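Accompanying notes for the structure given below.
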Amino acid sequence: MAPVISVSGLSKTYPSGFTALNKIDLTIERGEIFALLGPNGAGKTTLISIICGIANPSGGKVAVGGHDIITDYRAARSLIGLVPQELHTDSFETVWATVSFSRGLFGKPKNPVLIEKILKDLSLWDKKDSKIITLSGGMKRRVMIAKALSHEPQILFLDEPTAGVDVELRKGMWEVVRELKSAGVTIILTTHYIEEAEEMADRVGVINSGRIILVEDKATLMQKLGKKRLTLHLQQKLDAIPEVLAPYQLALAEDGWHLSYDYDTRVERTGITSLLGDLRNAGIRFADLETQQSSLEDIFVSLVHQS
């Protein structure tokens, strides 16, 4: 099956000479949740803006559902729903009017049954007659999603969708995203909340300085790049790590009661068995131990640092 979005050699250079995107190649599969991660200024919003037809590329090609975003703009844009990072709504309109008007902008006929369903799915039905200005930040964010869904897009872009949203609303929005995916909507998510990508995504892309530095299935990424940390809870406080243990590159906690050892899960020999033996020979006893898998955030920080 052909990808729903295909990006080839995409570049964006501003008149000032600043290169925001540098020969980006990327494909998004139909029906997946794709998380695009990157630090501020990495190029995430620029990439989304070009795919959605808001900004013009300096070079390269983008196709959405097989439609070129330049030569077949209207067909490409009709497939896309966009929830931008900034909240842009008419503050003095009602929720119902705002979402209904958004559908009309795409030349779609009125469909009050659909608008009602969208508002109910997003827990906005009881606010349908409220003016936007009276809503909380989290509710305004939901209105933005409702607007983006009003013309029944096949692809939904969520640019930092939970920025400024409290934890409870954030989890509620995750549920909405899952339901959209189950309905066949392709979702592209940019976020600086790493736990969102870890919770939601099928695949993860990392962008830095205008370049895609990695695209990988989330589970495979965790398996390939993830390291584990062994933490030893000592029976007696340790002032310094004995020189004989230097090859293990152990870390001693500031309080002197914990030793940490990082090891690679991909290698045949982790060194744990020999470490425990050398600890015993050095007269260091521990009361307990635990292991912890590297998080996606650890991997992300490492990748960005390497690039």
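Read the figures in this text as sums done on the coordinates, not as results from a lab. In this text, all values refer to a predicted model and were calculated from it rather than measured experimentally. Note: ideal-geometry Cβ built from the backbone for every residue, glycine included; neighbour counts use all protein chains shown.
Which stretch or stretches of the range 88-118 have amide N atoms under 15 Å from the point lying 7 Å from ASP129's Cα along the Cα→Cβ direction?
Correct set: 94-97.
For q = 0.11, 0.15, 0.18, 0.19 Å⁻¹, what log10 I(q)/I(0) does the range 1-105 give under the Debye formula with an equal point scatterer on each alpha carbon and no solvent?
Cα-only, vacuum Debye calculation for the range 1-105: -0.41, -0.73, -0.98, -1.05.
I'd like the distance between the alpha-carbon centres of the range 3-51 and the range 269-291, rounded to an integer number of Å.
For the range 3-51 versus the range 269-291, the Cα centre distance is 46 Å.
For Rg/Rh (Cα atoms, Kirkwood Rh), which listed value, [x] 1.31; [y] 1.10; [z] 0.96, comes from the coordinates shown?
The listed entry that was calculated here is [y].
Can you tell me the FRET efficiency between PHE92 and ILE213 if r is taken as the Cβ-Cβ distance and R0 is 41 Å, rounded to the nearest 0.05?
On the way: r = 44 Å, r/R0 = 1.08.
With R0 = 41 Å, the Cβ-Cβ based efficiency is 0.40.
Checking the cross-link filter: which aspartates and glutamates have an alpha carbon closer than 20 Å to that of LYS61, excluding same-chain neighbours under 8 positions apart?
Filter leaves ASP25, GLU29, ASP72.
For the Cα atoms of the chain, what angle does the longest principal axis make with the long axis of helix 167-182, in degrees from 0 to 90, nearest 10?
That works out to roughly 70 degrees.
Among 32-43, 277-288, how do they line up from the highest to the lowest mean number of other beta-carbon atoms within 10 Å?
In decreasing order of mean packing, 32-43, 277-288 become 32-43, 277-288.
Within 13 Å, Cβ to Cβ, of TRP125, how many net charges do the neighbouring residues add up to if Lys/Arg are +1 and Asp/Glu are -1?
Values: positive: LYS117, LYS120, LYS127, LYS128, ARG142; negative: GLU116, ASP121, ASP126, ASP129.
Charge balance near TRP125 sits at +1.
Students often check this: by mean Cβ neighbours within 10 Å, which of 138-151, 205-218 ranks highest, and how do the rest follow?
Going by the mean number of other Cβ atoms within 10 Å, highest first, we get 138-151, 205-218.
How tilted is helix 95-105 with respect to the longest principal axis of the chain? Cα atoms for both, answer in degrees (0 to 90, nearest 10).
Compared with the principal axis, the helix lies near 70 degrees.
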